[in-house]
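Single-structure report; data block below.
The values are calculated or read from the model by the stated rules, or taken from the named source; none is laboratory data. Since we're looking at a predicted model, the values are computed, not measured. Here the Cβ is made from the backbone with ideal geometry for all residues, glycine too, and neighbour counts use every protein chain on show. Please note that ligands, DNA and RNA were not included when accessible areas were found on the heavy atoms of the full protein model with its side chains. Shrake-Rupley method; radii C 1.70, N 1.55, O 1.52, S 1.80 Å.
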Amino acid sequence: YDSELEGVEARVVSPGDAADRGGMKAGDRIISIAGKPTKDIRAYMTVLAVQKPGSTIEVVVVRGDKNLTLKIKLD
């Protein structure tokens, strides 16, 4: 985690997991989940904790110099 940047870096995306199926890549920086900002690991954990298994959420990531919106179905 780079404290100079907002968001949480996805360091590992395991093949076949929800993030992988949704298009996330290792190195993506997650800046929001379900419309809520994830400026640090605490915010990320708080937002993720209230998501329901089986739901599809929008996750905004920074990849390179682009913001991408991914749809991820939670297991």
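Somewhere in segment 52-75, is a residue in a loop (DSSP other than H, G, I, E, B), in contact with a Pro (Cβ under 9 Å, 6 or more places away or on another chain) and of a type outside the set (A, V, I, L, M)? Yes. Within segment 31-44, being assigned to a strand (DSSP E or B) and open to solvent by 60 Å² or more (accessible area, probe 1.4 Å) holds for K36, P37. Kindly evaluate V47 against the criterion of being buried (at least 16 other Cβ atoms within 10 Å of the Cβ), at pLDDT 95 or above and within 10 Å of the chain's Cα centre (by Cα). Criteria not met by V47.
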